[in-house]
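Down below is the structure, laid out as structure tokens.
The values are calculated or read from the model by the stated rules, or taken from the named source; none is laboratory data. Bear in mind that the values here come from a model prediction, so they are computed numbers and not experimental data. All Cβ positions, even for glycine, are placed from backbone atoms using ideal geometry, and neighbour counts span all protein chains on display. Side chains included, ligands, DNA and RNA excluded: accessible areas come from the protein's heavy atoms. Shrake-Rupley method; radii C 1.70, N 1.55, O 1.52, S 1.80 Å.
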Amino acid sequence: MVRSCSRREFMQHCGEGLSLAALSALLSNPAVAQEPPISEPARGSLFSAGGEARVWRQLRAAGFLGSVAGALFRGSSPPCCGLPLGGVSTGCIDLDVRGICGFSSIFNPWSKCTAVANWRMPRKPQLMSPLLGLSVAGKVWVLAMPEVVHGGPVHVCQDPFFGHPAEKADVRELPPLEQVLPAQEIHYFGHYPVIDAEFETSAPIGVGLRAWAPFIPGDLTASNVPAIVFEVHLRNNSPTPQSGSLVFNFPGPDPEEALGFGFARMDLREDITGLHIVSSAGVGYVLACDDPDVRRGAAMLPSSWCQLAGELPQPRHDPVAGGCEYRDGGASLATNFDLHPGEEGVSRFFLTWYAATWKGAERERLKMLQPLYAVSNRTEWNASQWSDANYYTLKFAERYSDALDVARQIARDHPSLLERILAWQAVIYADESLPLWLRDSLVNNLCLLTECALWVEARPPLDDWALLGGAFGLIESPRGDPDLGCIPCDWYGNLPVVFFFPELALANIRSYKRYQRSDGAAPFWLGVLGDLPDFVTTSYDWQISLNGTCYVDLVDRVWQRTGDDWVLREFYESVKKCNTMTMNLRPGPGGVISMPKGNRGMEWFEHGEWAGMCAHLGGLHLAQLRMVQRMAEAMQDRDYADQCSRWLADGTHAMETDL
């Protein structure tokens, strides 16, 4: 049980360098919500599973002394996708509320966009494979909803985008799972990076799942670990002893993700027991358990679930010199249990992965996509003229050589990591000055950092500007607009990065500084629109009237957050150049708050044409000038501070008199 802790104690759990003032500003809110009564969990359950779904409320959850805030979901009425399990720039798996693997990006995949021809999305569609099976007294339950177990057409969700409206459901044809029973209902409570689920079945054994990934605000190293821990809680709810088997199933990478068709499979017998599976190209994962007598197999087939109490399906293999090369990248593990009446047991499964190479832009695809872009949004190839494609190495590869390295660390550290996760969440849940929806959102919105973050090493096509901390960017939308480093999206969405991981925010603005245009324009995109995320295929003129505001504020946030004047010294000349360009887009009186001529696509509202003075643009430009003036004064650049004052006076006068 983890008690609620003070805001000062929060730092002890989260890591060094988190400003208490920043945390206080993040959490403080005078509004006090009228909160409903707290619902209590059933005996042994991980959380309060009863009551209305899809509404914010208080509930009890394992590991928290006080109540938590959140909303429950159920497999009978699932949302579009489940909570993503993963850390910062590790890739993630969405655990679907129906008890199956959802969208996945852990093996650096791509898929075709459902709405725009020739676009690619940086993740796989829903895997639709069940995770857990249970065998007791000759019966088998697959812990997924009936439509998954019975097979046939199953509705799946894609994000609404362009010509793909939200109400248009995609359909996947699933094979029936033979001679097994489904879960009757699944109750689901997500509090990133943790998923709690309770399964209703007709079995005499109750089942709960707590699945979590390492993510500690303020501790970047702990949050950059490609791993998920699955804790399965089994409870004998019957008056008699019960014995049986529990199986965990994982589909593994497909040949495209594995960069090859062959796999090596190695038995793992250390503090944890299981399998280490690696493709011929070095893409691999570990699936292991804390039971030394665990049984190993290939991924479960539709016909093999009913036999999980016996031998698991075995992988197909071809003889090669000195051994075998396996054709199946999936795996399953089964463990046996014996429980007395009222007794509970916990089985832990560990999934760690290693897919360090991320493929970015390709020159031929860039040529093919260029005609789709507006004339004002041409994309530049800033990589070597001798290369045809860009490849990036994910940052965790500096600390791990393979998935086994990760598994050994997680086997050792998982108790303390989970304790720290629940402790930082308890701080937010305990703040009764915040309404329930905000407490839940402050926890769960952080999941966007695993959905969208990309942090890579300083290797080509990056040059020496990235040596200090690598390159970092946020994908605008991994299933909608798959561009990296869209500067207004970074401006809107990077505050959690600035608060908790300022070193990543600093790496991000270094990218914009490196590819700043000679006239001072900051890039609008670091990577090409409609293709895999990339750091060096930039474009500039789209939304140019406000890109400079974004860049100046992104720099100012890091300077204010760190309190380090070296940040200002590094970026001041770049900011000054960008600011001068922005303020001269429309010369003349009132130009500071006016749209430039020929402004189609030069505005955040994108496709509309604006003319003359605009209050929203003007207000942002005036705020930008205040920031740059403060920077100039700190740098003792009196001449430029005075220039900012003149621009401010002109813009303020025009705003107050002409608008």
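Based on this model, can you work out whether L585 counts as outside any helix (DSSP H, G or I) and either surrounded by 20 or more Cβ atoms within 10 Å (Cβ to Cβ) or touching a Pro at 6+ places or on another chain (Cβ under 6 Å) (or both)? Spelling it out, L585 is indeed outside any helix (DSSP H, G or I) and either surrounded by 20 or more Cβ atoms within 10 Å (Cβ to Cβ) or touching a Pro at 6+ places or on another chain (Cβ under 6 Å) (or both). Scanning the range 272-295 for residues that are in a loop (DSSP other than H, G, I, E, B), more than 14 Å from F350 (Cβ to Cβ) and either touching a Leu at 6+ places or on another chain (Cβ under 7 Å) or of a type in the set (S, T, Y) (or both) yields S280, A281, V283.
Among the residues of the range 504-526, those that are part of a loop (DSSP other than H, G, I, E, B) and either in contact with a Ser or Thr (Cβ under 7 Å, 6 or more places away or on another chain) or open to solvent by 10 Å² or more (accessible area, probe 1.4 Å) (or both) comprise Y515, Q516, R517, S518, D519, G520, P523, F524, L526.
Conditions (1) among the acidic types (D, E); (2) at pLDDT 95 or above; (3) open to solvent by 70 Å² or more (accessible area, probe 1.4 Å), marked per residue:
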| residue | (1), (2), (3) |
| --- | --- |
| S347 | no, yes, no |
| Y354 | no, yes, no |
| R363 | no, no, no |
| Q370 | no, no, no |
| Y373 | no, no, no |
| A383 | no, no, no |
| T393 | no, yes, no |
| L418 | no, yes, no |
| W437 | no, yes, yes |
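For the range 100-125, a tally of residues being open to solvent by 10 Å² or more (accessible area, probe 1.4 Å), in contact (Cβ under 8 Å) with a residue 24 or more places away in the chain and over 30 Å from E503 (Cα atoms) returns 7. Inclusion of L532 among residues that are at pLDDT 95 or above and either open to solvent by less than 10 Å² (accessible area, probe 1.4 Å) or of a type in the set (A, V, I, L, M) (or both) is not warranted. From the list A430, A426, the lone residue that is open to solvent by less than 30 Å² (accessible area, probe 1.4 Å) and in contact (Cβ under 8 Å) with a residue 12 or more places away in the chain is A426. With respect to (1) open to solvent by 10 Å² or more (accessible area, probe 1.4 Å); (2) of a type in the set (S, T, Y); (3) over 23 Å from A203 (Cβ atoms); (4) in a strand (DSSP E or B), the lone exception for S243 is condition (3). Restricting the range 211-225 to residues that are open to solvent by less than 10 Å² (accessible area, probe 1.4 Å) and assigned to a strand (DSSP E or B), the residue that is nearest to G44 (Cα to Cα) is A211. A397 passes every criterion in (1) closer than 30 Å to G284 by Cβ; (2) buried (at least 22 other Cβ atoms within 10 Å of the Cβ) apart from (2). In this structure, is L83 buried (at least 20 other Cβ atoms within 10 Å of the Cβ) and either closer than 19 Å to S45 by Cα or touching a Gly at 6+ places or on another chain (Cβ under 9 Å) (or both)? Judged against the criteria, L83 is a match. For beta carbons closer than 8 Å, sequence separation of 6+ or different chains, a first residue in the range 402-420 that is among the basic types (K, R) and a second that is part of a helix (DSSP H, G or I), the qualifying pairs are R420/H13; R420/C14. Restricted to the range 129-140, and to residues there that are crowded, with 19+ Cβ neighbours inside 10 Å and aliphatic (A, V, I, L, M), the residue that is farthest from T201 (Cα to Cα) is L131. Scanning the range 183-208 for residues that are open to solvent by less than 10 Å² (accessible area, probe 1.4 Å) and assigned to a loop (DSSP other than H, G, I, E, B) gives A183, Y192, P193. Scanning the range 595-623 for residues that are free of Cβ contacts under 8 Å to residues at least 60 places away in the same chain and in contact with a Phe, Trp or Tyr (Cβ under 9 Å, 6 or more places away or on another chain), we see that the one that is most open to solvent (accessible area, probe 1.4 Å) is H616.
Scanning the range 529-567 for residues that are touching a Pro at 6+ places or on another chain (Cβ under 6 Å) and among the basic types (K, R) turns up just one, R561.
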